[in-house]
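Before any comments, here is the structure.
The values are calculated or read from the model by the stated rules, or taken from the named source; none is laboratory data. Computed from a predicted structure; not experimentally measured. We place every Cβ from the backbone using ideal geometry, glycine too, and count neighbours over all the protein chains shown.
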Amino acid sequence: MEFKYIGKSLTRPDAVGKVTGKAIFLDDIYLPEMLHASVLRPEYAHARIVEIDTRAAQREPGVVKVVTGADCDLRYGDNIKDLTPMAKDKVRHIGEPVAAVIADTPQHAKAAMQKIEVTYQPLPVYTDARDAMADDAVLIHEQNGEYWTLPTLNPIAGTNIANYYHLTKGRAEAGFEEADVIVEGEFLYPFGSCAALEPHGAIVWFKEDNTIEVWSTSICPFIIREDLAHAYGIPVADVRVHIPELGGCFGYKSDITVEQTVAYIANFVPGRPVKWVASRQEDFTSTLIGHGIRTRMKLGARHDGTFVALKTKVYHATGAYADTGVNVTIGATHNSTGPYEFPHCDLEGYCVYTNTPPVGAFRGYGHQETQFAIERLIEILARKLGASPFEVREKNYLTAGKVNALGERMWESNGDIIQCAEKVKRAVFTHQKPKEDQAYYYGRGFAALMKSPKGAPFSTKGCYIKLNIDGSASINMGGAEVGQGLRTVVQQIAAEALQIPPEKIRVYPEIDTQYCPYEWQTIGSMFTIQGGRAIIRAANKVIRTLKQTAAQVLRCDVDMLDYDGEHVYLRSDPAVRVPITRLVRGYMYENGMTIGELAHSVSDARLPRYSDPDPETGQGNMGVTYTFGAQACELRIEKKTGKIIIDHFASSFDVGKVINPQQIRGQVVGGVLMAIGATLYEKLDFDAEGRLRNPQYFQYHIPTLKDIPGKQTVEFVETPSAIGPFGARGLGEHPVIGVAPAILNAIYDAVGIDYYDIPITPERLKQDIEAQAADAADKGAA
Amino acid sequence: MAEYIAFTVNGTERTVAARPARFLLDILRDELHLTGAKRGCDNGTCGTCVVVLDGRAVKSCIIPVEKLDGTTVLTIEGLSDGKMLHPIQQALIEAGAVQCGFCIPGIAMELYALFETELDATEDRIRRALNRHLCRCTGYEAIWEGALLAQQQMKSKVEKRGGHK
């Protein structure tokens, strides 16, 4: 198929607004009579609140109101209603809202907030899932098991286990009887922060007409709308949520994060909008964090390298509230197989309450955490078998005809992982590796990967198309542009589907639940697939409307007509035609009589046959569409310092169809660097008391220009998908998945040290290399 | 200390109160409603608030109000003329350096301060300037290419005008 507008590097429609500083982000919004809130955070990560004294704060200049959670009984959440907007009797993590001040300026609010005095009675603190699972552990939620949950969830009352997910395939653990070789290990992907440059924030305004208007840094406006309507007992239609420009997301601006807290505060000053924007520290401690996943994994194989059985236990420190983390645990569990077939699987996921900020979506959504384990374990297995790790993988890839852990059969249209692997192998492994020299050790490593959207049965994305009198088109969708280039993709797909050039297509820039078509939430690398399909369906509808009007004008049957973006014409005689500019508002005859319908349409699209897991086996159509890929790197380790220098990083994904080459490279290059950060230095460092030691950018280092790989190779395979628009698949999250194992496999290649957790800092690596040398010397002496 | 501070912002004389103590970014955003400079960390780390102060790129979130008297400030709002983009802005767009766009105003002003004073800046010098900025989206590749492209375009503009200024 020839494409006119797909596959070209169109310039993003929002670039000019952003580069001139005119794009409006949340904190750029000023409303009349707006007040500002500042929120008090606790001194302890787990404690009973004995008393809150707000008297001194109330006397401070500019203060309008001081708010506590004393009368707060509201529980909310999309999966588990365990969240509360403000602590009432106890605090469960160090970033929790304890009290708030509403004042005329942010400075006054903050100054007064510091005058609030709270007496706490400290409780034991758990920052690790397994400590919180101990028999004698104090309960973080006494009500665990009583909260409303989605019917598919399984909290264990009387414990800190917020959900237990168990997936079995084949003979489950008994399948290990068929194995000749077994390898096992325990792996840790520690807490991290998405750390977008724009912090979270919200403005909430309870109005005199009993409606609520909200502006938020969220990618889930429709979820916020329904949740607030439910909480305040008003119709969903009476909550209006706006999403301005978003300064990055990477996961943690999905779900409900700060909005219910700001709404709770704003409800004390009805009639006036209240703005709250996170400080950088609060963005780390009081929104959502990522990962915190410990994986115990056991892999059984035959002598020839064929995989037989996999056992995974995921211990997920999901934090003080499990609503946003529970699906991360489930995703981490059923995707722990990586892109391989196992006849027998026994996969368990424990989503465990801990006294850390709640875990939520982080680009990759559970996949990098457990595929890190399998990609390391395969290397260890290959060594034990004396086989090539590439050949071991090739024997087991989830290629056409294979069945994954969930019971979903793979077809050719699911993509070609072998080609992806070949591309990165060619980029990294076909030339000689430099020999160790005075200054450096050299290593190369590889990892394969796969990702499903991790969606929900009811997820869908709507599209509204309006054709204008000059033949231009307006496209309105509820998908959040977080920087990934969604608007460009919409413009290109709409251009292709409507056959109207992109310069005549305008994508609405702002999301507003009052006029945007419904969208579940812009998550899971799903927008191109679902949103793109919604555009095509809406375009087909609007073209049908044009043809119906034209059929009356040209006095023929609709199916005799064709459309080319400018005209509707008779297929048998293209000279018989009507320009669409005369059809979009109905066709008007010379005497003014008008017939036909307005040329606009609405449609939506979801993943086909997505389903909940089976209660017995945990299996089900929970992936539906997969993107496969492979990544590899070449690195150097500086002997003097232990510093890792990535000279070359290569990635390849079967994306089905590249929509915009410049943007897709940007996604991959950026995603790879983000995961290099996680592998080499990013880690939220909680002490034993649950206090975060590094809640600032100068302490939690994210990569800078000086940290980028010497070179990034990015190549794509285009096996058309049977679902996505023009064969396209999702890609946003995938570049982070194989990075840590590729680097750790390369470290082993360089110095022969196996790592099971990240980050690998220079100090750590240098120390381990020295210990290894001392060990070898001891053995030599003996 | 004087009661008022007078300084020039994007070509216009502005007067602000010297008290309460606050920083240039607070004045730009909260008082003058020039919101192009962003607040990303509030402690001089991330670079989203960079503006040009007397020809130098500064992190405006750590410049105290009392340092501003008699100075000249250029913000992202003053970089283009409302119709034509500055070559730096054009180059960043062309290179694909704009994703979420939160870091871009600061980066554009950093490059402006650098190339206005040092159009022949070496790659090492450009790298050091950009290293003052965090970006979580792009992996810096396109920002780097955009910076080189901007330099090249500014150079050819100067050459067309006939030599250096």
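A:TYR30 falls short on exactly one of the conditions (1) in contact (Cβ under 8 Å) with a residue 12 or more places away in the chain; (2) farther than 30 Å from A:ILE659 by Cα; (3) in a loop (DSSP other than H, G, I, E, B); (4) within 14 Å of chain B (Cβ to nearest Cβ), and that condition is (1). Applying the criterion of being in contact with a helix residue (DSSP H, G or I) (Cβ under 8 Å, 6 or more places away or on another chain) and farther than 14 Å from A:HIS648 by Cα to the residues of segment A:405-428, the residue that is surrounded by the most Cβ atoms within 10 Å (Cβ to Cβ) is A:ALA405.
Exactly one residue out of A:GLU682, A:GLU763 is more than 14 Å from every other protein chain (Cβ to nearest Cβ) and not aliphatic (A, V, I, L, M), and it is A:GLU763.
Scan segment A:758-767 and give yes if some residue there is surrounded by fewer than 17 Cβ atoms within 10 Å (Cβ to Cβ), over 21 Å from the mean Cα position of the chain (by Cα), among the hydroxyl-bearing types (Ser, Thr, Tyr) and under 30 Å from A:ASP437 (Cβ atoms), otherwise no. Checked against the condition, which is being surrounded by fewer than 17 Cβ atoms within 10 Å (Cβ to Cβ), over 21 Å from the mean Cα position of the chain (by Cα), among the hydroxyl-bearing types (Ser, Thr, Tyr) and under 30 Å from A:ASP437 (Cβ atoms), segment A:758-767 yields at least one hit. Out of (1) more than 7 Å from chain B (Cβ to nearest Cβ); (2) closer than 19 Å to A:LEU635 by Cα; (3) of a type outside the set (Ser, Thr, Tyr), the odd one out for A:LEU673 is which? The failed condition is (1). Across segment B:1-32, the qualifying residues are those that are farther than 27 Å from B:ARG128 by Cβ, assigned to a loop (DSSP other than H, G, I, E, B) and at pLDDT 95 or above, and the one among them that is farthest from the other protein chains (Cβ to nearest Cβ) is B:GLY11. Evaluate segment A:502-514: report whether one residue or more is in contact with a Phe, Trp or Tyr (Cβ under 9 Å, 6 or more places away or on another chain), surrounded by fewer than 23 Cβ atoms within 10 Å (Cβ to Cβ) and among the acidic types (Asp, Glu). Within segment A:502-514 (the criterion being in contact with a Phe, Trp or Tyr (Cβ under 9 Å, 6 or more places away or on another chain), surrounded by fewer than 23 Cβ atoms within 10 Å (Cβ to Cβ) and among the acidic types (Asp, Glu)), the answer is no, since none of the residues qualifies.
Among the polar types (S, T, N, Q), more than 24 Å from A:THR333 (Cα to Cα) and not in a helix (DSSP H, G or I) - does that describe any residue in segment A:410-432? Within segment A:410-432, one or more residues are among the polar types (S, T, N, Q), more than 24 Å from A:THR333 (Cα to Cα) and not in a helix (DSSP H, G or I).
Among the numbered criteria (1) more than 22 Å from A:GLY485 (Cα to Cα); (2) in contact with a Lys or Arg (Cβ under 6 Å, 6 or more places away or on another chain), which single criterion is violated by A:ILE753? That leaves (2) as the condition not met.
Listed here are the residues, each with its yes/no results for (1) within 44 Å of the chain's Cα centre (by Cα); (2) modelled with pLDDT under 95; (3) part of a helix (DSSP H, G or I); (4) on the phi > 0 side of the Ramachandran plot.
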site	(1), (2), (3), (4)
A:ALA538	yes, no, yes, no
A:LYS541	yes, no, yes, no
A:ARG544	yes, no, yes, no
A:GLN548	yes, no, yes, no
A:GLY565	yes, no, no, yes
A:TYR569	no, no, no, no
A:ALA575	no, no, no, no
A:VAL578	no, no, no, no
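State whether one or more residues within segment A:327-338 are under 25 Å from the mean Cα position of the chain (by Cα) and in a strand (DSSP E or B). No, every residue in segment A:327-338 fails to be under 25 Å from the mean Cα position of the chain (by Cα) and in a strand (DSSP E or B).
In segment B:1-21, the residues that are within 11 Å of B:GLY70 (Cα to Cα) reach residues that are acidic (Asp, Glu) and exposed (fewer than 10 other Cβ atoms within 10 Å of the Cβ) with C-beta atoms within less than 9 angstrom, at least six apart or across chains, in these pairs: B:ALA6/B:GLU13; B:PHE7/B:GLU13.
Yes/no per residue for (1) within 14 Å of chain B (Cβ to nearest Cβ); (2) under 30 Å from A:ALA495 (Cβ atoms); (3) touching a helix residue (DSSP H, G or I) at 6+ places or on another chain (Cβ under 6 Å):
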| position | (1), (2), (3) |
| --- | --- |
| A:ALA688 | no, no, no |
| A:LEU705 | yes, no, yes |
| A:PHE726 | no, yes, no |
| A:ALA740 | no, no, yes |
| A:ALA746 | no, no, no |
| A:TYR755 | no, no, yes |
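Among the residues of segment A:429-452, are any touching a helix residue (DSSP H, G or I) at 6+ places or on another chain (Cβ under 9 Å), under 28 Å from A:SER603 (Cβ atoms) and charged (D, E, K, R)? The answer is yes; a qualifying residue exists.
When residues in segment A:703-750 are screened for being part of a loop (DSSP other than H, G, I, E, B), over 24 Å from the mean Cα position of the chain (by Cα) and more than 19 Å from A:SER651 (Cα to Cα), 0 of them pass.
Within segment A:706-725, can one find any residue that is hydroxyl-bearing (Ser, Thr, Tyr) and without any contact (Cβ under 8 Å) to a residue 40 or more places away in the chain? No, that holds for no residue. Being under 26 Å from B:LEU32 (Cβ atoms), modelled with pLDDT of 95 or more and more than 14 Å from every other protein chain (Cβ to nearest Cβ) is a condition met by at least one residue of segment A:37-45.
Hey, any hits in segment A:365-376 for a residue that's in a loop (DSSP other than H, G, I, E, B) and at pLDDT 95 or above? Yes, there is a match, as at least one residue in segment A:365-376 is in a loop (DSSP other than H, G, I, E, B) and at pLDDT 95 or above.
Just one of (1) in a loop (DSSP other than H, G, I, E, B); (2) touching a residue at least 24 places away in the same chain (Cβ under 8 Å); (3) closer than 30 Å to A:LYS504 by Cβ; (4) not acidic (Asp, Glu) fails for A:MET622. It is (3). Does A:ALA456 qualify as being among the hydrophobic types (A, V, I, L, M, F, W, C), within 14 Å of chain B (Cβ to nearest Cβ) and within 27 Å of the chain's Cα centre (by Cα)? Criteria not met by A:ALA456.
To keep it simple, each residue is scored yes or no on (1) buried (at least 24 other Cβ atoms within 10 Å of the Cβ); (2) under 23 Å from A:ALA746 (Cα atoms).
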| residue | (1), (2) |
| --- | --- |
| A:THR306 | no, no |
| A:ASN355 | yes, no |
| A:HIS367 | yes, yes |
| A:THR370 | yes, yes |
| A:ALA373 | yes, yes |
| A:GLU391 | no, yes |
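Looking across segment A:459-479, the residues that are surrounded by fewer than 24 Cβ atoms within 10 Å (Cβ to Cβ) and under 19 Å from the mean Cα position of the chain (by Cα) come down to A:SER459, A:THR460. Name the single residue that is nearest to the chain's Cα centre (by Cα) among those in segment A:433-453 being hydrophobic (A, V, I, L, M, F, W, C) and part of a strand (DSSP E or B). Top of the filtered list is A:MET450. Taking A:VAL655, is it aliphatic (A, V, I, L, M) and within 14 Å of another protein chain (Cβ to nearest Cβ)? No; evaluated as a whole, the condition is false for this residue.
Okay, residues lined up against (1) assigned to a helix (DSSP H, G or I); (2) within 14 Å of chain B (Cβ to nearest Cβ); (3) over 21 Å from A:THR257 (Cα atoms):
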{"site": "A:GLY95", "(1), (2), (3)": "no, no, no"}
{"site": "A:TYR120", "(1), (2), (3)": "no, no, yes"}
{"site": "A:TYR126", "(1), (2), (3)": "no, no, yes"}
{"site": "A:ASP131", "(1), (2), (3)": "yes, no, yes"}
{"site": "A:ASP136", "(1), (2), (3)": "no, no, yes"}
{"site": "A:HIS141", "(1), (2), (3)": "no, no, no"}
{"site": "A:GLY145", "(1), (2), (3)": "no, no, yes"}
{"site": "A:ASN154", "(1), (2), (3)": "no, no, yes"}
